[in-house]
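Read through the structure below, which is laid out as structure tokens, and then see the notes.
The values are calculated or read from the model by the stated rules, or taken from the named source; none is laboratory data. Just so we're clear, the structure is a prediction, and the values are computed from it rather than from any experiment. Cβ coordinates were reconstructed from backbone atoms using ideal geometry, including for glycine residues, and neighbour counts include every protein chain displayed. Ligands, DNA and RNA are stripped out before the accessible areas are found, and what is left, the full protein with its side chains, is counted by its heavy atoms. Shrake-Rupley method; radii C 1.70, N 1.55, O 1.52, S 1.80 Å.
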Amino acid sequence: MNYLTDRVGLGWRPDLAVGILEHLDGIDLLEVIADDFFSAPHRQIRALKTLAAQIPVVLHGVSLGLASSVPVETKRLDQMARLFDQIRPEFWSEHLAFVRAGGIEIGHLAAPPRSSASVDAAASNLHRAQAAVGAKPLVENIATLIDPPASTLSESDWIAGILSSSDCSLLLDLHNVLANGLNHGYNPIEFVRKIPPERITAIHIAGGKFVSAPDGTQRLLDDHFHDVPDPVFDLLEETAARAPSPLTVILERDGDYPSMDSLLAQIVQARCALAKGRARRAQTVEVLA
Amino acid sequence: MSASQLEAFLARLYVDADARANFKADPRAESQKAGLSEEQCAALEKLDWIGLEMAARSFARKRQSKRRLTWFAALKARLSRLRFPRFVHYGFYNSRNNLKRKKTSRPKNP
């Protein structure tokens, strides 16, 4: 990498373990799903600590529901805090989503209505999370097949509002930006340009598939079962051209696993996109100077 | 009315096909029944129906795959905690070895 300490890593999945351990020299860091270890036996925690001693590890939560309008349960925050203490990751992250409400578990990340009330609720949850865990989480934008009803703010304004109220950094998921842009009719590049660049410190890249809607149109589903498409690398270049901080990029893959060579090739492609973006940024900075 | 009531209403629409059908038949009545504000009811009438159905299907798949994983993880954890009493273990081991020894034992020198 040629710009400060930009890094590209991979999401740790048990199915990829052998390949990852064989190719640690080609992977800068690993992102571990925290929830998989909340009630793990001691020997699994020990194994994770051993892994963290070999390569930088970051924790990623998927079930806290930090953008919920009700306070996150203390029990869940305590689980994250305990794991954070045990593993001592470089950072931890969670989604700007709600995953349960009124006693109903949705089972996945749902987008809350975007309003000033949900900005305040998310900021309050983020303060509680920081107090419980002892470190601010990075917050991630989610993909949604339905534009949340009763929204009064655009997605970029809503995210910027939460970042500003909570003083948190952003884990920008570029495939989610692409999917929401295509599904809800906005330009993904313009979206990236509207996000405060100084808040972007980490990035997710992934692939998805088009699914047919009952009306014959198609929507992009963010399933992490496919290779990273070229438009996501274009968005990565754009982000690298704007963000002043070093970026941590994580390639996510959750199924239909390809060969390790294919995943490593996508990591290399991400490094190329970062390098291109950083070169553009260097030129802009020179012109401004 | 509160944002939490709206989230709870949406959560029910995402997981319950009957609730979706009732809502589609009469959006205003269903949202009023849930105690939502006039503003929220009006917003829900303009809901993206196709997006709702697609999101509900996607959430259902996720819940199903999690249930499968949870079941498998529970079984794996249970099996890994199983400990045979030592005498059973050794008994099994020794009886197998004895069996092998018997089968492969050479005839004594005459």
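The table below lists the values:
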| item | result |
| --- | --- |
| Test for A:ALA131: is it under 28 Å from A:LEU10 (Cβ atoms) and surrounded by fewer than 20 Cβ atoms within 10 Å (Cβ to Cβ) | no |
| Candidates B:LEU10, B:LEU52, filtered to the one that is within 25 Å of A:ASP215 (Cα to Cα), over 21 Å from the mean Cα position of the chain (by Cα), within 9 Å of chain A (Cβ to nearest Cβ) and buried (at least 17 other Cβ atoms within 10 Å of the Cβ) | B:LEU52 |
| Tally, over segment A:80-115, of residues that are part of a strand (DSSP E or B) and within 14 Å of chain B (Cβ to nearest Cβ) | 12 |
| Members of segment A:23-72 that are open to solvent by 20 Å² or more (accessible area, probe 1.4 Å), in a helix (DSSP H, G or I), out of contact with any helix residue (DSSP H, G or I) (no Cβ under 7 Å at 6 or more places or on another chain) and farther than 22 Å from A:ALA129 by Cα | A:ASP25, A:HIS42, A:ARG43, A:ARG46, A:ALA47, A:THR50, A:ALA53 |
| Subset tally (residues that are of a type in the set (Lys, Arg) and in a loop (DSSP other than H, G, I, E, B)) for segment A:238-253 | 1 |
| Leading residue by the ranking (most open to solvent (accessible area, probe 1.4 Å)) among those in segment A:116-128 that are out of contact with any Phe, Trp or Tyr (no Cβ under 8 Å at 6 or more places or on another chain) and at the interface with chain B (Cβ under 7 Å from one of its Cβ atoms) | A:ALA117 |
| Check on A:VAL228, touching a residue at least 60 places away in the same chain (Cβ under 8 Å), open to solvent by less than 50 Å² (accessible area, probe 1.4 Å) and not in a helix (DSSP H, G or I) | no |
